[in-house]
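Presented below is the structure to which this report refers.
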Amino acid sequence: MATQRFDVAIMGGGIMGSATAYQLLDLDPTLSVGVIEPDSTYQFASALRASGGCRVQFSGPENIEMSKYGIDFIRSFAAPVDWVQGGYLFIVPPESVANLERNVRTQQSHGCRVDLLTPAELKAKWPSMRVEDLGAGAHTPEDGWCDPNGLLWGLRRKAVERGARYVEDRVVAADCDSVKVRSVALQRGDRVEARVFVNATGAWAGDVAKYFGMHLPVSPLRRFEHYFTPGTPMERLPYVKDVARMAFRSEGAGFSGGLVDGDEPRGYNFDVDHDYFERVVWPAAAHRFPPLEAARCHRTWSGLYEVNELDGNPVIGPWTGGLRNLFTVAGFSGHGMMHAPAAGRGIAELVVRGRYETIDLTRLGYARITANEPYPEQGIL
Ligand SMILES: Cc1cc2nc3c(=O)[nH]c(=O)nc-3n(C[C@H](O)[C@H](O)[C@H](O)COP(=O)(O)OP(=O)(O)OC[C@H]3O[C@@H](n4cnc5c(N)ncnc54)[C@H](O)[C@@H]3O)c2cc1C
């Protein structure tokens, strides 16, 4: 049994863990950073099953700022990430227009380009869309999507170039005293000691937190992604989202997306329900875009959202009131790819400089979990 020592040990080497390693070494190249990741094929990692969307359409200032940072980062990243500036479009019924307008004003006050569109304007831009039951839409033309695989591997390679060491193993236990974590035990028998530990294990983060005696209300939620083609030719679409959590965008000759069922039982379930598209997604998509009446689903895959059951927003930062050297960057509830560069930056700043410098993420800290004070998004998730 060997003991490995690092300044910072990151648990989970998916997109969040790799972004954190990259940002730590960007701020302080002298740090020794270990990333503990059991699976270098990332078979079940959410990152490789994600749809790649990046948008500033949030209500929370922290989420808007993390998106702005993430989009700039992805667009200028020196690795192949296939950025497509296809835009996002949120569409809402009349009763949700006031909320949409409020969110648009918040986004505009953060310097984002957002165009509020009437149903007639929506119809003029996207003629296939049924708009009679809509109240308005918000279009962010500078949003888009990228290849999550390219982003994950780009971050991992660059973190390694900067000196990060990936340890192919799984954290299975922790050794803690009353104020801090001393070491973690790995499945193959080794131990890792570090000054700082970071829980970046995505959908597994709630269970990993238990090794430290920490309550982290993050659970795995299965979500399907589908690739489908329209039966009848129609225009290309931005990433369209509605209040029922239908979300899809153009991809090649067809579309990629799905419809999140928030009531899905929690668990590490990757089974694919091949009827889900026909039963749930297709009726909603064909209602909104009648040419999709003849849509054909070619592929369905499943992946896990890492849902923060308190409020659907991430937990970023130290374990306030608990072990002082245990940090968390998890619970992004389906928005983690776009927010990984900024969240990793935030953790790096806290560890290296002792404070946030780029974006103040204090309100997304663990304190709200202890206080049971949700800080949710208002509007479309
Ligand atoms: C279908 C789908 C579509 C999505 N679409 C989008 C989108 O359009 N835009 C967006 O921003 N986000 C999207 N997401 C969400 C995004 O994929 C996640 O938020 C993001 O990948 C979270 O990154 P992560 O590194 O925390 O988790 P992961 O990528 O899952 O990585 C976690 C890692 O932790 C490792 N691990 C687990 N247990 C342990 C342990 N005990 N010890 C050490 N390591 C461990 C795992 O092997 C894994 O590699 C989507 C997700 C899904 C499923």
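Take the residues in segment 279-311 that are of a type in the set (Lys, Arg) and surrounded by fewer than 17 Cβ atoms within 10 Å (Cβ to Cβ); name whichever of them is nearest to the ligand (Cβ to nearest atom).
Initially, segment 279-311 is screened for residues of a type in the set (Lys, Arg), giving 279, 288, 296, 299.
Add one more test, that the residue is surrounded by fewer than 17 Cβ atoms within 10 Å (Cβ to Cβ), and what stays is 279, 296, 299.
Values: Arg279: 18, Arg296: 20, Arg299: 12 Å.
Ranking the qualifying residues of segment 279-311, first place goes to Arg299.
Cβ-Cβ contacts under 7 Å between residues 6 or more apart (or on different chains), taken from a first residue in segment 21-49 that is at pLDDT below 95 to a second residue that is surrounded by fewer than 23 Cβ atoms within 10 Å (Cβ to Cβ) and in a helix (DSSP H, G or I), are listed as Leu48/Asn149.
In segment 29-41, which residue that is surrounded by fewer than 16 Cβ atoms within 10 Å (Cβ to Cβ) and more than 12 Å from the ligand (Cβ to nearest atom) is farthest from the chain's Cα centre (by Cα)? The selected residue is Thr30.
Close Cβ contacts (under 7 Å, 6 or more residues apart or on different chains) running from residues in segment 205-219 that are among the polar types (S, T, N, Q) to residues that are away from the ligand (no atom under 14 Å from the Cβ) comprise Ser219/Glu309. Scan segment 225-265 for residues that are closer than 15 Å to Ala286 by Cβ, more than 13 Å from the ligand (Cβ to nearest atom) and not in a loop (DSSP other than H, G, I, E, B) and the total you get is 6. When the strands (runs of 3 or more DSSP E) confined to segment 32-124 are screened for residues that are closer than 19 Å to Met337 by Cα, β-branched (Val, Ile, Thr) and in contact with a helix residue (DSSP H, G or I) (Cβ under 6 Å, 6 or more places away or on another chain), those reaching at least 1 such residues are found at 33-36. Applying the condition of being β-branched (Val, Ile, Thr) and under 18 Å from Gly321 (Cα atoms) to segment 178-207 and asking which residue is surrounded by the most Cβ atoms within 10 Å (Cβ to Cβ) yields Val198.
Going residue by residue through segment 325-342, is there one that turns out to be surrounded by fewer than 23 Cβ atoms within 10 Å (Cβ to Cβ), within 16 Å of the ligand (Cβ to nearest atom) and among the β-branched types (Val, Ile, Thr)? For segment 325-342, residues surrounded by fewer than 23 Cβ atoms within 10 Å (Cβ to Cβ), within 16 Å of the ligand (Cβ to nearest atom) and among the β-branched types (Val, Ile, Thr): absent.
Take segment 295-315 and flag every residue that is within 13 Å of the chain's Cα centre (by Cα) and either outside any strand (DSSP E or B) or not hydroxyl-bearing (Ser, Thr, Tyr) (or both).
Step one: filter segment 295-315 for residues within 13 Å of the chain's Cα centre (by Cα), giving 303-308, 312-315.
Residues satisfying the conditions are Gly303, Leu304, Glu306, Val307, Asn308, Gly312, Asn313, Pro314, Val315.
Filtering segment 1-28 down to residues that are in a strand (DSSP E or B) and away from the ligand (no atom under 13 Å from the Cβ), which residue is surrounded by the most Cβ atoms within 10 Å (Cβ to Cβ)? It would help to see each step written out before you state the result.
First, the residues of segment 1-28 that are in a strand (DSSP E or B): 3-11.
Retained after the next criterion (residues that are away from the ligand (no atom under 13 Å from the Cβ)): 3-8.
Details: Thr3: 9, Gln4: 18, Arg5: 13, Phe6: 21, Asp7: 16, Val8: 26.
Selected residue: Val8.
In this structure, is Ala173 among the small types (Gly, Ala, Ser) and closer than 30 Å to Val33 by Cβ? When the stated conditions are applied, Ala173 passes them.
For segment 83-99, does any single residue satisfy the condition of being charged (D, E, K, R) and either within 15 Å of the ligand (Cβ to nearest atom) or under 28 Å from Gly365 (Cα atoms) (or both)?
So the first thing to find is which residues in segment 83-99 are charged (D, E, K, R), and the list is 95.
Still in the list and also either within 15 Å of the ligand (Cβ to nearest atom) or under 28 Å from Gly365 (Cα atoms) (or both): none.
For segment 83-99, residues charged (D, E, K, R) and either within 15 Å of the ligand (Cβ to nearest atom) or under 28 Å from Gly365 (Cα atoms) (or both): absent.
Considering only segment 132-168, state which residues are assigned to a loop (DSSP other than H, G, I, E, B), away from the ligand (no atom under 14 Å from the Cβ) and in contact (Cβ under 8 Å) with a residue 40 or more places away in the chain.
The initial filter retains those residues of segment 132-168 that are assigned to a loop (DSSP other than H, G, I, E, B), namely 132-135, 141-143, 146-147, 162-164, 168.
Add one more test, that the residue is away from the ligand (no atom under 14 Å from the Cβ), and what stays is 132-135, 141-142, 162-164.
Asp133, Leu134, Gly135, Pro141, Glu142, Arg162, Gly163, Ala164, listed by residue number.
Exactly one residue among Ser96, Ser128 is of a type in the set (Ser, Thr, Tyr) and surrounded by fewer than 17 Cβ atoms within 10 Å (Cβ to Cβ), and that residue is Ser128.
The set of residues from segment 248-263 being touching a residue at least 12 places away in the same chain (Cβ under 8 Å) and surrounded by fewer than 16 Cβ atoms within 10 Å (Cβ to Cβ) comprises Ala253, Asp261, Gly262.
The values are calculated or read from the model by the stated rules, or taken from the named source; none is laboratory data. Model, not experiment: these values are computed from the prediction. With ideal geometry, Cβ positions are generated from the backbone for all residues, glycine too; neighbour counts draw on all protein chains shown.
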